Structure formats: C-alpha cells, structure tokens
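Notes follow once the structure below has been shown.
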Amino acid sequence: MADAHIALAFLHYALSMMNLAPSTMKEDSRTLVEERRGLTMRVALVTGANRGIGFEVARQLGERGNRVVLGCRDLERGRLATEKLASMKIEIDPAQLDVTNQEHVDQLTKRIQSDFGRLDILVNNAGIMIDHSKASATDLDLVRSTLETNLLGPWRLCKAFIPLMERNHYGRIVNVSSGMGSFPGGEARSSGYRSPAYGLSKASLNVLTLMLASELRGTGILVNAACPGHTRTDMGGPNAPRSVEEGADTAVWLATLSDDGPTGGVFLDRKRMDW
Ligand code: NAP
C-alpha cells in the first residue's frame, strides 16, 4: 500500500514536471516526494554566525538546502560572511542580531514571521568566554555579561521563536554548550575551574535545555545541547585539536534530527554526555 502511494506520488511528480497534472495535485505530490527524499527546505537561524563554529553551522545547513538566516551583531561582518558563503554558492540572509538586545530579537522575529511564516531550526551558538580567574576572585561584572550572552541570549531567542514553532508543530532548538559546563558526579576538578562564569553559564544552559525539552515534549519541538569540543576558532585558539567542521558536526546533526530524535540531551560527537 505504502509502495503504491509512493509510486503514485512519483507519477504525479513526473506529470507535474511535464506540466500535465492539475496544480493542487502538483503541489501535493511534490511535497510528498520531497519529504520522502528528505528534501523539505527548512528555515534556520544561527546566532553569532559571522565567524567560527556558527559560520560553519550556517554553511553546512545552507549546503543541505535549508534557508539560513545568519545572525551577526555587526552587519558589516555579517555581510563579509555572506559574501564568503555566496562564493561557495550558498545563499544566506544576514540579519543584525545582538542576542543581548531585546529590540533586535523582536525585529528579527517579526521579519522571519513575515518573510517565511515559520522558523524550523534555531541554533543558539553566540557565546563569549571573558573571565579567566578563580571563582573567589571573579569580577561579577564579567559574570553578569557572560550570563547575559550565554544564558539569557539563548533564553530570549527561545521565548521569541517557540510560539512560531508550536504553531507549525515543528522545531529543532540547539543550544551550543561546552564541556566546561559539565560537572559529572558533582566532583570538583582538581585542576580547578579556569573560567567559572563561562562554566556556570554553560551548565545553566544545559539546565535550560532540559527544562524546555520537558515542557515541549510531544509538540514536535526537540531541544538539545551540543558540545563542539575544543575547536580552532578565535575562542578556541589556533592549537585546538578540532577543525570547525568537527566542532559544528554535532550541532548540525541535532538541528536536522528526524521526528523520533532525542530531546533534552547534551551531546558531544553525537553521543549523549553525562554532564
Ligand atoms: P568565536 O570564534 O569567538 O565566535 C563567537 C561568535 O559569537 C562571533 O560570531 C561573535 O560575534 C558572536 N557573539 C558574541 N557575543 C554575541 C552577542 N551578544 N550577540 C550575537 N553574537 C555574539 O567562538 P566559537 O569558538 O565559534 O564558539 C561558538 C560557540 O561554541 C560558543 O557558544 C562557545 O561557547 C562554544 N564553544 C566553543 C568551543 C571552542 O573550543 N571554540 C568549545 C566549546 C564550546 P562578533 O564577531 O561580533 O564578536
């Protein structure tokens, strides 16, 4: 029965390509065939995508035929990134987005709603690591700024876009976390904590991921966190062992999960982590 359905859909698709089928039939059969081949175009937003891991996530999602909005806090840097992607034959829409700026988020939500009517994939990638001292000596202004970008930024974007995802019964939210936000067994690391504000922000982001996933179970929206591993970017430094392709891989995998994929997990190398 399923085979007959697929064969019929292919027949309609072939007819539609020859302009022989009625238009509604053309649309239905094209959608069905494209879905069967996994070719449905998704609309994706990647934050902090003008460089580093975010740029690579945007590139890979674009390469797979998704419509990608490239979030950048500086439009000029976003334009340069867009040009670089265009030279690779990947078309991307840049959008000004400082994740700490509620007005930017509100404007972008309106724009995505009016341009596309949906957002299928949200990759909360933008992040900073600006503290480098012991927790007992950390400047609390650095803690505040870190939480504002790494925790409240993703939270703000989730709040903005979840209603749109709920309306479409589909969503993939990927929060880019870090192994530095992982405290398995609650044991203190003997080496200490190098960037406590950063670690705390990523641990909190993991908790937010769990909370949203549990709230949204059964809605078609999957919420997970991806740890890139130590990656060669401006943040990771030139001697990090991983390439950006490797660093982006788990986030892209989570962004393109099928409907029966996991939710509420923190993943490294596509494997659930005990964090
Ligand atoms: P990166 O090279 O420093 O790039 C960070 C990106 O985030 C830049 O595009 C930056 O924009 C953007 N950004 C920072 N604050 C922002 C804000 N308020 N609003 C919007 N964009 C903002 O870092 P990366 O290595 O690619 O890191 C990407 C993500 O992976 C981060 O969440 C990071 O914590 C995580 N991570 C990285 C590593 C690693 O080894 N690299 C390891 C674990 C986790 P500007 O260009 O305007 O500054």
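Worth pointing out:
- Residue satisfying all of: in the range 114-127; more than 19 Å from GLY220 (Cβ to Cβ) and in contact (Cβ under 8 Å) with a residue 24 or more places away in the chain; farthest from the ligand (Cβ to nearest atom) among these: ASN125
- Condition check for SER177: closer than 25 Å to PHE267 by Cβ, polar (S, T, N, Q) and modelled with pLDDT under 95: no
- Here the condition is being buried (at least 21 other Cβ atoms within 10 Å of the Cβ), modelled with pLDDT of 95 or more and assigned to a loop (DSSP other than H, G, I, E, B); of GLY48, GLY54, GLY71, it holds for GLY48 alone.
- Of all residues in the range 222-247 being under 21 Å from GLY62 (Cα atoms) and more than 9 Å from the ligand (Cβ to nearest atom), the one that is surrounded by the most Cβ atoms within 10 Å (Cβ to Cβ): ALA225
- Residue ID - nearest to the ligand (Cβ to nearest atom), chosen from residues in the range 50-75 that are farther than 23 Å from PRO154 by Cα and free of Cβ contacts under 8 Å to residues at least 40 places away in the same chain: GLU63
- Hits in the range 247-275 (condition: among the charged types (D, E, K, R) and closer than 11 Å to GLY229 by Cβ): ASP249, ASP269
- Residue within the range 86-97 that is hydrophobic (A, V, I, L, M, F, W, C), within 19 Å of LEU152 (Cα to Cα) and within 11 Å of the ligand (Cβ to nearest atom) present: yes
- Hits in the range 248-264 - residues which are more than 13 Å from the ligand (Cβ to nearest atom) and either over 14 Å from ARG64 (Cβ atoms) or part of a loop (DSSP other than H, G, I, E, B) (or both): THR256, LEU257, SER258, ASP259, ASP260, GLY261, PRO262, THR263, GLY264
- Exactly one residue among ARG144, ARG217, ARG232 is touching a helix residue (DSSP H, G or I) at 6+ places or on another chain (Cβ under 8 Å) and among the charged types (D, E, K, R), and that residue is ARG232.
- Verdict on GLY186 being more than 28 Å from ARG118 (Cα to Cα) and within 15 Å of the ligand (Cβ to nearest atom): no
The values are calculated or read from the model by the stated rules, or taken from the named source; none is laboratory data. Quick caveat, the model's predicted, so the values are computed rather than measured. Here the Cβ is made from the backbone with ideal geometry for all residues, glycine too, and neighbour counts use every protein chain on show.
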